[in-house]
Every structure is written in C-alpha cells, then in structure tokens.
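A short worksheet on the structure shown next.
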Amino acid sequence: MASDLSKLSQAIQTVYGQGQGSRQSVDIISQRSNTINIASNYATCDMELKDKSHKLVKVDFNSNLPRTSVQINKGTNKIIVDWPSGSENMKIYKV
C-alpha cells in the first residue's frame, strides 16, 4: 500500500502543478478493503503488516484538496485526481 500511496501522491502533485483543467488516474491494487484519508498536504492509510500488526503510512504532497477519504476495495481500484476548470479546489474520487 505504501507504493500505491506514493503513486497517488505523485498524481496529486502533477495535477496541482498543472492547475485547473488537469486530471490524472491511478490504479491501486489492494489485498483488502481500506480507507485512504486525504488532507490538503498529506494522505494516510492504515497498513496491515505480515505479522498482523498495523502501521500508519503517511505521504506528503502539495495540493488544495479538501479533507476527505477514499474507500478502497479488495482488488483493483481506479482513483481520479481532478482539478476542474473554473473550480478553486481539486477533487479526488474512485470510479
């Protein structure tokens, strides 16, 4: 999940850098259902380790995303990072 959060962070940075009208998609393959929590400058996710303990993974980025969360299902998940033209804020959602 850490590498998936890194891919998501890169997509967020790219959309933020390109500005309004830009969009990126990221495919996240997960072994279990999970939640990615988003704040304006970081994302966190609880990751289960092989020994069944848990670790909170955090990645930083620059963005104007509002605080939200994205539910991830077991299997492949397509996440869209979007900054619509004419909008002050970016959006992130699963399709």
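The values are calculated or read from the model by the stated rules, or taken from the named source; none is laboratory data. Keep in mind it's a predicted model, so treat the numbers as computed, not measured. Reconstructed Cβ throughout: ideal geometry from the backbone, glycine too, with neighbour counts over all protein chains shown. Please note that ligands, DNA and RNA were not included when accessible areas were found on the heavy atoms of the full protein model with its side chains. Shrake-Rupley method; radii C 1.70, N 1.55, O 1.52, S 1.80 Å.
Loop-located trypsin sites (Lys or Arg not before Pro) in region 61-95 (DSSP state not H, G, I, E or B) with no more than 15 neighbouring Cβ atoms inside 10 Å: Arg67, Lys74. If you wrap the tightest convex hull around every Cα atom of the chain and split its volume per residue, you get 75 Å³.
Here is the list for region 3-59: trypsin sites (Lys or Arg not before Pro) lying in DSSP coil, each with at most 11 other C-beta atoms within 10 angstrom of its C-beta, are Arg32, Lys50, Lys52.
Could you sort out which of Lys7/Lys55; Lys50/Lys94; Lys52/Lys94 sit more than 24 Å apart by Cα distance in this structure? All intermediate terms of the calculation are to be shown ahead of the outcome.
Working: Lys7/Lys55 19 Å; Lys50/Lys94 27 Å; Lys52/Lys94 27 Å.
Result: Lys50/Lys94; Lys52/Lys94 exceed 24 Å.
Taking all protein chains in place and a 1.4 Å probe, what share, in percent, of the accessible surface of the chain do carbon and sulfur account for? Before the final figure, lay out each step's value.
On the way: 2450 of 5490 Å².
The nonpolar share, carbon plus sulfur, comes to 45 percent.
Quick check: residue separation of Asp46 and Thr76 times 0.36 nm, minus the Cα distance between them. What number comes out in nm? Could you put the intermediate results ahead of the total?
Details: separation 30, 0.36 × 30 = 10.80 nm, distance 1.78 nm.
My answer for the length gained is 9.0 nm.
Rolling a 1.4 angstrom probe over the protein heavy atoms with all chains in place gives the chain an accessible area of 58 Å² per residue. A dipole drawn for the chain from +1 and -1 charges on Cβ atoms has a positive end, and of Val81, Ile28, Ser53 the residue lying farthest that way is Ser53. Computed with a 1.4 Å probe over protein heavy atoms only, the accessible area of Met90 comes to about 0 Å².
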